[in-house]
Amino acid sequence: MAAPIAVPSCLGNMRLLLERMCRPRSLRSFLGSVRTILAASLSSTSLPEALIAPASNSVASRLSPGLSLRPEFITPAEEEALCSELEPVLRRKRYESGHWDEAIHGFRETERLHWSPEGSAVLQRVRDAAFPPGESHLSLVHVLDLKKEGYIKPHVDSVKFCGSTIAGICLLSGSVMRLVSVENPEDRADLLLPRRCLYVLSGAVRYDFTHEILRDEESFFNGQRVQRERRISVICRNLPVS
């Protein structure tokens, strides 16, 4: 992959932070520092350049209209509440070795309609941030529990099951998502998804690029190790076009 696009001066310390990721407990320190460094520059539609490594500036331009990434979208307390709500449901399921479309390995999943008041408030905030006002949503929220050894292979979500936008919260672990152009595999980008972030894929990013979550042993961002742990994603979707 080519060198990442230039980052603003307010992110000048990011290289030092990345270098620290190979030290003990470094990922936790790095992701904690991301919040501080990015706080002054984030907006509801921002794509922090320190968290994306595209193959070229043209790839970054293609991604920017439909790709959004917001670190620390939820608080540690909200993360704990969501996990406490989901754990009894997930614990009754076993990890599967393969998905029906062979895209996911080492996972448990469920779709959830009813949430606690705390969970409902978080999900409403996700919808407000990721979808236009008045958008029709799928009532069932997809919950995907990926064990440490699990991974998601490159795929494009079926248009039969969801619409133009997917919005996910990452719980328990950071990870690296890779986007690859369907037409040209050389056009790609890696995203660092910090724990508790919100990521949004819509429009051309949804249809023209595959997305995947890298295996733990392949989990590198800009040449630095990003250790994967168990990861739960809570994903809101809009309705597909009928």
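The values are calculated or read from the model by the stated rules, or taken from the named source; none is laboratory data. Predicted model, so just to flag it, every value in this text is computed and none were measured. So basically every Cβ, Gly included, is an ideal-geometry build from the backbone, and we count neighbours across all protein chains shown. Only protein heavy atoms, including side chains, enter the accessible area calculation; ligands, DNA and RNA are left aside. Shrake-Rupley method; radii C 1.70, N 1.55, O 1.52, S 1.80 Å.
Of note:
- Gyration tensor (alpha-carbon) shape descriptor, segment 126-207, a/c threshold 1.5: oblate
- Inter-part distance where segment 68-88 and segment 208-224 are each reduced to a Cα centre, Å: 22
- Computed FRET value (nearest 0.05) for H114 with E218, which takes r as the C-beta separation and R₀ as 41 Å: 0.65
- Apportionment of accessible area to carbon and sulfur, segment 94-195, percent (1.4 Å): 51
- Heavy-atom accessible area per residue - segment 167-234, 1.4 Å, Å²: 32
- Highest to lowest packing among 189-202, 73-86, 158-171, scored as the average C-beta count within 10 Å: 189-202, 158-171, 73-86
- Entry comment: accessible area of segment 64-136 is 55 Å² per residue, from protein heavy atoms only and a probe of 1.4 Å.
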